[in-house]
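What follows is a short report on a single structure.
Please treat every number below as a calculation from the coordinates, not as lab data. In this text, all values refer to a predicted model and were calculated from it rather than measured experimentally. Cβ coordinates were reconstructed from backbone atoms using ideal geometry, including for glycine residues, and neighbour counts include every protein chain displayed.
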Amino acid sequence: MPRDQLDNLVKVGQLKAEPASESEVAGLISSGLARLRDAGNETLSIESRFDLAYNAAHALSLAALRKAGYRSENRYIVFQCLKHTLDLPNEQWRILDQAHRKRNLAEYEGHLDIDDALLEALLRTANAVAERLKLDSL
């Protein structure tokens, strides 16, 4: 996969080039998959499931970025880089963007406005990231 876009983000200070650590990547994948499994538990509240699914998507996305040899402290950038790390389609990236905005409203303004449709889309997208990450490992 072309790394030009990722290297450009390094030049502007949005990413840091850093060799991947196999144990870190494995830990992120393990954490992401555990959260993704738990997010599928329909006995939990929609808020808890959303939180688990969002954090699963982030851990898996960060694993892809770290595996590519980059690091970012910015959650949004981690999601944006999925086009370049796992070739995630734009329509799936937009779901993560929407979930990120909703998560920020909840975190910083105390207002969580989610519905079943967004949660299901987030779960599908997080599963797609997990699948692409798994395929990338083969």
What do you get for the angle between helix 116-137 and the principal long axis of the chain? Use alpha-carbon atoms, 0 to 90 degrees, nearest ten.
30
Using the Cα atoms of the chain, I'd like the radius of gyration and the largest Cα-Cα distance, Dmax, both in angstrom.
14.6, 46
Between Ala26 and Glu47, how high is the FRET efficiency from 1/(1 + (r/R0)^6) when r is the Cβ-Cβ distance and R₀ = 25 Å? Nearest 0.05.
0.30
Stretched fully, the stretch from Ala117 through Val12 gains (0.36 nm per residue minus C-alpha distance, one decimal, in nm) 34.2 nm
Where the centre of each part is set by its Cα atoms, how far does the range 23-69 sit from the range 105-131, in angstrom?
12
Sorted by packing (mean other beta-carbon atoms within 10 Å per residue), highest first, where do 111-118, 50-57 land?
50-57, 111-118
Burial order of peptide ranges 10-22, 121-133, 30-42 (average beta-carbon count within 10 Å, highest first):
121-133, 30-42, 10-22
